[in-house]
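The structure appears right after this line, and notes come after that.
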Amino acid sequence: TSSAEVKENRNIGNLEDHPIASTDRARGGTTSSKRKRPLEEGNNGHFCKLQLIWKKVSWSVTPKNALVQLHELKPGLQYKMVSQTGPVHAPVFAVAVEVNGLTFEGTGPTKKKAKMRAAELALKSFVQFPNACQAHFAMGNCISPSTDFTSDQADFPDTLFKEFEPSPHSEDFSVYNPVNNELLSTAYRHGRLLCHTLDLMGHGKPGKHRAAKAESEKNPVVLLNELRSGLRYVCLSETVEKQHIKSFVMAVRVDGRTFEGSGRSKKLAKGQAAQAALQALFNIRLPSHIPSRSKCHHLPQDFADSIYQMVAQKFQELTDNFTSMHARHKTLAGIVMTKGLDIRQAQVIVLSSGTKCINGEYINDQGLAVNDCHAEIVARRAFVHFLYSQLELHLSKRREDWERSIFVRLKEGGFGLRENILFHLYVSTSPCGDARLNSPYEITADLNSSKHIVRKYRGHLRTKIESGEGTIPVRCHNAAQTWDGVLLGEQLITMSCTDKIARWNILGLQGALLSSFIEPMYLHSIIVGSLYHTGHLSRVMSHRIEDIGQLPASYRRNQLLLSGVSHADARQPGKSPGFSVNWVLGSAELEVINATTGKRSCGGPSRLCKHMFFTRWAKLHGKLSTRAPSHGEMPSVYSEAKLVAQTYQAVKQQLFKAFQKAGLGTWVKKPPEQDQFLLTV
């Protein structure tokens, strides 16, 4: 498009004072009223004329969807229907488009959404600008389609790109960028003024324009609305704190993801939510924005997507390209180990699936059954299996073995991780419990009808439903269940995955037994595939227990990095399978556990059960006792072996008291009889 096809922006003030001369109409591309007075001659006159022309071609760019933007950049593209999968009531369409010799495929519940997704993926491959107009400008399409805007020799004036970079402000013009007259004249001759807003325009009314521009720069709600118009903000909660101070939590859904913010007023809370969306989706951080206490930290999106892809590809490999009967799952989890954030050295170390818990009648007093077969929990137990293997490598007499181990001996005793080793947990859906209670699908027009119920139990400890799915708030006041009660028909209570992950953020993933040998092992990040609620997940994982108090050395309140994924697989329809699978690095194949009994399909114990871990712990204890007699005599009962790590047990009690002090309920333990078994090799 040329400037002649664009209507004059009537909102630009002071335009009638400087109309364009008739001799310049062709150049400016617009018609004008009669000339009131001649323009000044010389450089100043030329610069004045340049200002007027710039005003003529500057306009507000209405946000366009991905299809429109891609069509403007690459007209005449052909979208092809690739496939239709899924049941009749929940179809999944796949549409592909070829751009620049590459094929981009998008999926969605409708053909329109699939087509839109394909366009978004195509745009992301070569455009990194907020709208198509700026992409045209950056690519040089205003002059010639052959312009190479990636070349170091391209003659683009640097000042034309200041719009995408923070720039220093002068004292006289606090919100305007400095402009060089010569560069502007060059840009004018080359015809590259299209779609670029001049910072110095509107000098006739500097106060008005300066205030308007400052407001648009500082207000995240306004900026987000310009990028994605028609957004709806929902008030999730309104609470009254001490001294009658109100606190609001607002949420907004953008591009299928929900962002949350809190503040002393709804306006401030909306600003927090908008800022979270701007930073996550557009990598925009407004300098005047004050982060909230519940602000969560995010992984780089491309890194999070790579973690997800590694886990998915490994699971595909282990299930023979998803053809195995054990490929069926509702929730998939995996832990990836990296050195720093270098994805090139990343390695999937455990995988798991599952959504069910053991039935109370199958509870085992010899430690031979796995009680909780939810994917996240099985992944943690598989990770403990991995830690045992790594510690055994370190204690090997062969040099090549202990050099491959992730552990090093600490000067103060025990073992710690090698430098810069990080662990990342991927879960295909938000963990059950309070994290999922406030997931994006619940932010609907009907939210207000149930917001009082949601508010009452916000952040509360929750338990899983035996032989089913879902969670309920903790209602019992007893800290432990009884063996007789469970065997006589009482439901076996298991804490939710959300609450267990919150516990890992204080105690670590290694468990009580390994804590007598190694320092706490914390997750660096969690990547969630679907039902991911920005802000709330961070709050329930760590902010619920901010007042836990001072922790002993080596323990901490771990601050997880959180992220969703750009495009997760759709959840599989149908009932959840009655089995759970697990895989650990070094294993040849998947192990399958009957989720109802907690044992393998053949009836034997899982490699992840308590008895197996106790056996491996005893062997390590024997090796270390010969080298360091300070480890003392080895306990023969599992429950006594767990008490060897006294600091771990003290921190655990400190955590449970913090939950109670915050009014979030009592952590319910399994019957103590199940841990009172002897070691038998």
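Strands (runs of 3 or more DSSP E) wholly in region 364-436 with at least 2 residues that are of a type in the set (S, T, N, Q) and in the same structural domain as Ser639 (by the TED database) - which ones?
Those strands (runs of 3 or more DSSP E) do not exist here; none qualify.
So, in region 89-120, how many residues would count as being surrounded by 15 or more Cβ atoms within 10 Å (Cβ to Cβ) and more than 14 Å from Leu77 (Cα to Cα)?
Looking only at that region, the number is 10.
Looking only at region 660-678, which residues are among the hydrophobic types (A, V, I, L, M, F, W, C) and out of contact with any strand residue (DSSP E or B) (no Cβ under 8 Å at 6 or more places or on another chain)?
Matches in region 660-678: Ala662, Leu664.
Just to be sure before I move on: is Val249 of a type in the set (A, V, I, L, M), exposed (fewer than 14 other Cβ atoms within 10 Å of the Cβ) and at pLDDT below 85 in the structure I sent?
For Val249, the condition - of a type in the set (A, V, I, L, M), exposed (fewer than 14 other Cβ atoms within 10 Å of the Cβ) and at pLDDT below 85 - is not met.
Gly340: at pLDDT below 95, farther than 30 Å from Gln491 by Cβ and buried (at least 18 other Cβ atoms within 10 Å of the Cβ), yes or no?
In short, no.
Which residues, counting only those in region 486-513, are touching a residue at least 60 places away in the same chain (Cβ under 8 Å), assigned to a helix (DSSP H, G or I) and open to solvent by less than 50 Å² (accessible area, probe 1.4 Å)?
Val486, Cys497, Thr498, Asp499, Lys500, Ile501, Trp504, Ile506, Leu507, Gly511, Ala512, Leu513 - these are the residues of region 486-513 that are touching a residue at least 60 places away in the same chain (Cβ under 8 Å), assigned to a helix (DSSP H, G or I) and open to solvent by less than 50 Å² (accessible area, probe 1.4 Å).
The values are calculated or read from the model by the stated rules, or taken from the named source; none is laboratory data. Because the structure is a prediction, the values reported are computed rather than measured. Here Cβ is always computed from backbone atoms with ideal geometry, including for glycine, and neighbour counts include all displayed protein chains. The protein model used for the area step is the full one, side chains on, heavy atoms only, and it has no ligands, DNA or RNA in it. Shrake-Rupley method; radii C 1.70, N 1.55, O 1.52, S 1.80 Å.
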